[in-house]
1. What is the number of the single condition among (1) surrounded by fewer than 19 Cβ atoms within 10 Å (Cβ to Cβ); (2) outside any loop (DSSP other than H, G, I, E, B); (3) more than 14 Å from every other protein chain (Cβ to nearest Cβ); (4) in contact with a strand residue (DSSP E or B) (Cβ under 9 Å, 6 or more places away or on another chain) that residue A:169 does not meet?
2. Tell me the residue from B:217, B:280 that is under 25 Å from residue A:240 (Cβ atoms), crowded, with 24+ Cβ neighbours inside 10 Å and either assigned by TED's automatic domain parsing to the domain that holds residue B:168 or in contact (Cβ under 8 Å) with a residue 60 or more places away in the chain (or both), please.
3. Return only the number of the condition from (1) within 25 Å of the chain's Cα centre (by Cα); (2) closer than 30 Å to residue A:261 by Cβ; (3) in a loop (DSSP other than H, G, I, E, B); (4) within 13 Å of chain A (Cβ to nearest Cβ) that residue B:231 does not satisfy.
4. Of all residues in the range B:48-74, how many are in a helix (DSSP H, G or I) and either surrounded by 21 or more Cβ atoms within 10 Å (Cβ to Cβ) or out of contact with any helix residue (DSSP H, G or I) (no Cβ under 9 Å at 6 or more places or on another chain) (or both)?
5. Do we find that residue B:134 is under 30 Å from residue B:307 (Cα atoms) and part of a loop (DSSP other than H, G, I, E, B) in this structure?
6. I'd like the full set of residues that are in contact with a helix residue (DSSP H, G or I) (Cβ under 8 Å, 6 or more places away or on another chain) and within 7 Å of chain A (Cβ to nearest Cβ), limited to the range B:254-269.
7. Which condition number in (1) in contact with a helix residue (DSSP H, G or I) (Cβ under 7 Å, 6 or more places away or on another chain); (2) without any contact (Cβ under 8 Å) to a residue 40 or more places away in the chain; (3) within 14 Å of another protein chain (Cβ to nearest Cβ) is the one that residue B:331 fails?
8. Being assigned to a helix (DSSP H, G or I) and within 26 Å of the chain's Cα centre (by Cα) is the filter; apply it to the range B:82-93 and report the residue that is nearest to residue B:42 (Cα to Cα).
């Protein structure tokens, strides 16, 4: 075999029709480009167990190669079920050693919100790219620290807003952006489910619980994505029908948003009832999505026509698109800044509900 | 013919199977019972002209026999079109002479809200029963004065809540009352239309304008009727995208209500956009009505089944049922007290929006 130079090698690839863009990151580092990114899930609760892990059956650009858990029992179970090598299993104490593990490219933080900051920062310091579940963190300060840690360590950070990867969501985002039906006038958006648990982190303030920070972010996303704008004025009200359980955090929150264009949103979120819809009044038409933020089956109707793009797995599409962005060094669909934008509004909503006053943002 | 006593006459009717309740009012006054009530419309704007007058074609218990108008041109036009005798035509000055007109049993007040109190009180003093359009009046004090005047003069007062006569509305009222789907948890209700006018009474504060008092009452009725309860806590927010026109009154108002059972409502009303729906979350089901408060075609779906009772004319049914109640001396479906209940909440909503604070009712 002829001993070829790096330039000759690239030229040969170009002649073969293989674009340099696809190979750029690997070529720059002169390492063979990975076809798939190795993902380690941190926190093996419901969402990791029942939703994310099964989604890897449908991913093309990433694979489940590692886990981080505080439970030795879960570790053994996952090790068997997903054929995870012992060397890729970490606990919360030895997690930082992940820095020395080339099999793991991305750490996916699926912990209660109060733990997001710590594990995103530790993952960034370990030189790993980060997928972080929504809500990004309990406070704006947390989000800013997470963004800074990832920037400082030159790793990518994305927030697990699966809906933004869903073509059904993208369809209503497009209506807002392109103003096909005129300007948005009014949004009505509801996201809630009945949570029968009493001692889960969702009912615990210190762990980042509360309906607004959790389900409320879906309703907020509905309003922000439908307008493509950031709210400037917020009012909000808390309610509970289970004061014994919802002592520390909100069970039900209504919030109202005003946007720079004059669009207004009336949103509802709750751990006390099932609701999942987005309705938009445009100057020249309307949109109804129901459900608008489920794992599957999101669909709707606008005065322009049906919105119904069936999708096998939002989570697989989300992880693959994020993996592609990392592999190709292209912009992520959902950045840490996007997560921060929501938390900025969530903070304002909590302040508005607490004080009973309008809160201005920005 | 045998000269029979009044008691004998009643006994004869009873034997013939004719209940005394049906005949009671006429018998008491010993005058022949009218088959139809003669109605005089006061104020010949859009609603009288395009909606109420045509509805008399479908009434069985009342007929349009008189008009009260400030416009001699309208008087002439209506006189011809509806064959109204000259003696049954009044203007706002000579209106009180209606007291001497036995052809007119009911005065139907269809004026701007600011004029309701004056004309309801004058009609009551003239000894006429009163139909009064919604909103009942701009203030609670007005409503109380109207109720008192009617009581003092022993005439009946009903408010033109046509929807309460609509079987579609009655279907969702029943769901709330009988709790077939469990308790009401959350209501989302919207009532609005785009009003392109700039100098109508709807844009004029002194005449009783503003979205909340007008269309807002529909959204409020949606919440009150769906729960069958009275709100105890109110918050509200005003918005406008046409500040040049909506200087004095609200263009768009969002309001939130809490009910004694714990049910909450998020409502929207506007003169800036078309919206007409009611959505209810029950403990064990849901309801969606759209439209819920149109003149025709109200319909919906609940987790229990379709709600769709086509109705030729809400207004004809409303007027006939109110006429029946007067003829039979039975309770009216919608009393003045019901109109007052709404205005009590409307006042609280305006106060809440103005102060930015929660307002307690009752």
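The values are calculated or read from the model by the stated rules, or taken from the named source; none is laboratory data. Note that this is a predicted model, so its numbers are computed, not measured. Please note: Cβ atoms are built from the backbone with ideal geometry, for glycine as well, and neighbour counts cover all protein chains shown.
1. (1)
2. B:280
3. Failed condition: (2).
4. Matching residues across the range B:48-74 total 6.
5. Yes.
6. B:268
7. Result: residue B:331 passes all but (3).
8. B:88
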